[in-house]
Each structure stands twice: as C-alpha cells, then as structure tokens.
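Read through the structure below, which is laid out as structure tokens, and then see the notes.
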Amino acid sequence: MRALRNFVENESTMEKLSINEWSVDDRPREKMMVQGSAALSDAELVAILIGSGNNEENAVELARRILGTCSNNLNTLAKWDINDFSRFKGMGPAKSVTVMAALELARRRNDAAPKERERITCSRDVYHLFAPLLADLPHEEFWSLLLTQAGTVIDKIRISSGGIDGTYADVRLILRDAILKRATQLAVVHNHPSGNTHPSNQDVHLTKAIHKAAELMNIRMFDHVIVCDGSYYSFADEGAL
C-alpha cells in the first residue's frame, strides 16, 4: 500500500511540473530520441506537436484532455477543424494547424504508400481503396474507378464534389473517361458524410443509368459503393445491379 501511495504521489507531483522540470527519461522528445516513436503514447506524440500547454496544464495533460474529448480516436481527431481545437485553452491557430497538418500527412502517407498495382476483386477492395480519400470528408464526392478485364486498377477519377447531402454526377463524363482509358470494367464510388450507408432514391436512379449506359458501351459495371467512416454499402453485394 505504501508503494502504491508513493507512486500516486509521484505521478501527481510530476503532473504539476512543467515538462522541462520532468526527469529526462519522461520528457516526450527525449523519450522519443532514446526509445523511438513507438514508445510514446498518442498523447505524448500530440504533446510534441503542440509544444506547450497553458497556465494550468502542461502539453501532455492538454493533449490527453484533447484526445479524451474524441474518445482517444485519432480518426475522429483528424476530422477536427481549428474551431474544434480552439475550445481548449492554449490551443491557438498555430498549434491547431500543426496537429491538423500532421494528421493530414499521416493520411497522405497511407494513400501514397508504394504498392503493386491494385487488383479489385470485391466490394471490400473498393472500400479499402477509397476510404482514405472519402471517409473523413464533410461533403460528398463522386468518383469512378476504371479497371482492366483482370480487375487491375487503371485509374480513379473524381467526377464531382458537392455539398453535405449530395453531389451531381454526369453519366456521360463517367463513360467518356472509361472509353478514353480503355477500361473494360468500372465501379463508381461516393461518400455519405452523415454516416448513413443506405442509398437514396437518387443513388438508385443514377446507378441504373450508369449501368445501362455502360452496357451500351460493352463495359461491365462492377459495383457502386457508398463509403462511410468504418462501413459501406455495395449495390453489387445487395443484388441491386
């Protein structure tokens, strides 16, 4: 019991100190240099980005409180804007933008990681390809995915970008790109920022129009996938093509 009490007292004392007054082994920057980035918690990594806290809490405490507000979910934090960060004392525009930039770089790194030419075999493959692009957006975007006969990716093309609850997609543009790129299969993909995967009546009508036009051009419509954060809807899987 005495050992536990001493541990709690030491933790409480450390939290009252500024980071510069901590033991060198406990400071996030020094800890990262000695032990590597994997040894740091999410809060410690965010603390390095923001650099300092406020009059009442150090950078690590502030980072813990920020992460606690979004249930320690970095995907949720990546959707925050400057106004969300500014709710916290000590988080001015410069610190907020620094954290936002780091999260955006992480997303781009994932999207730009060197890969062999992707091969699409099912709706889940389509979802995993587009989730990094669409899942976090606050507005709708509509994309086409052009494929070879073997299902390898030729190109992915943004057709349109719209508002919170809709975007316009021109069937002629979708088929034009497919023909110019000599695609024999295509899928279309858009996101629902609301998180509701269920297709709207407009989604259903548009899917039928694209399917019909693709058939005339002897191009197979592989799927239409609606992307949400952590889930998706596939017209092909649901027998709606």
May I ask what percent, to the nearest 5, of DSSP beta bridges between residues of region 123-234 are antiparallel? 70 percent
Amide N of region 95-109 lying under 19 Å from the label point, which is placed 7 angstrom from the Cα of residue 82 along Cα→Cβ: 95-105
Convert each backbone phi in region 69-82 into a coupling constant with the Karplus relation 6.51 cos²θ - 1.76 cosθ + 1.60 (shift: θ = phi - 60°), then list the ³J(HN,Hα) values in order as whole Hz, x for Gly and Pro. 5, 10, 6, 6, 9, 5, 5, 5, 4, 5, 8, 6, 10, 4
Taking only the alpha carbons of region 44-110, the radius of gyration and the largest Cα-Cα distance, Dmax, both in angstrom, are 11.0, 37
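Looking at region 115-149, which trypsin sites (Lys or Arg not before Pro) are in a loop (DSSP not H, G, I, E or B) and have at most 13 other Cβ atoms within 10 Å? Please list the in-between numbers first.
Working: sites: 115, 117, 119, 124; in loops: 115, 117.
Listed in order of number, the matching sites are 115, 117.
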Using label points projected 7 Å from each Cα along Cα→Cβ, tell me how many nm separate residue 128 and residue 105, to one decimal. 2.7 nm
Inter-label distance for residue 236 and residue 32, nm, one decimal - labels placed 7 Å from Cα along Cα-to-Cβ: 4.1 nm
What is the Cα centroid distance between region 212-234 and region 92-157, reported in whole angstrom? 17 Å
Between region 164-198 and region 22-78, how far is it from one alpha carbon centroid to the other, in angstrom? 40 Å
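Could you give the C-alpha radius of gyration of region 149-223 expressed as a fraction of 2.2 N^0.38 Å, taking N as the number of residues it contains? List each step's numbers first, then the result.
Numbers: Rg = 12.7 Å, N = 75, 2.2 N^0.38 = 11.3 Å.
It is 1.12.
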³J(HN,Hα), Karplus 6.51/-1.76/1.60, whole Hz, each residue of region 226-235, x for Gly, Pro: 9, 9, 10, 6, x, 8, 7, 10, 10, 4
For the chain, averaging the sequence separation of alpha carbon pairs under 8 Å that lie six or more residues apart and dividing by its residue count, the contact order in percent is 13 percent
Taking a 31 Å limit on the Cα-Cα distance, which of the listed pairs 31/156; 31/79; 79/156; 31/95; 156/212; 79/208 fall beyond it? 31/156; 79/208
Suppose the chain between residue 69 and residue 117 were pulled fully straight at 0.36 nm per residue; how much longer would it get relative to their current alpha carbon spacing? 13.4 nm
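Considering only DSSP beta bridges where both residues belong to the chain, give the percentage that are antiparallel (nearest 5). Can you show the working numbers first?
Values: 19 of 26 bridges.
Of those bridges, close to 75 percent are antiparallel.
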Rounded to two decimals, the Debye log10 I(q)/I(0) of the chain (Cα scatterers, no solvent) at q = 0.09 Å⁻¹ is -0.54
Inter-label distance for residue 181 and residue 148, nm, one decimal - labels placed 7 Å from Cα along Cα-to-Cβ: 1.4 nm
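No lab work stands behind these numbers, since they all come straight from the coordinates. Bear in mind the structure is a predicted one, so any value in this text is a computation, not a measurement. Quick reminder, even Gly has a Cβ in these numbers, built from the backbone with ideal geometry, and neighbours come from all protein chains shown.
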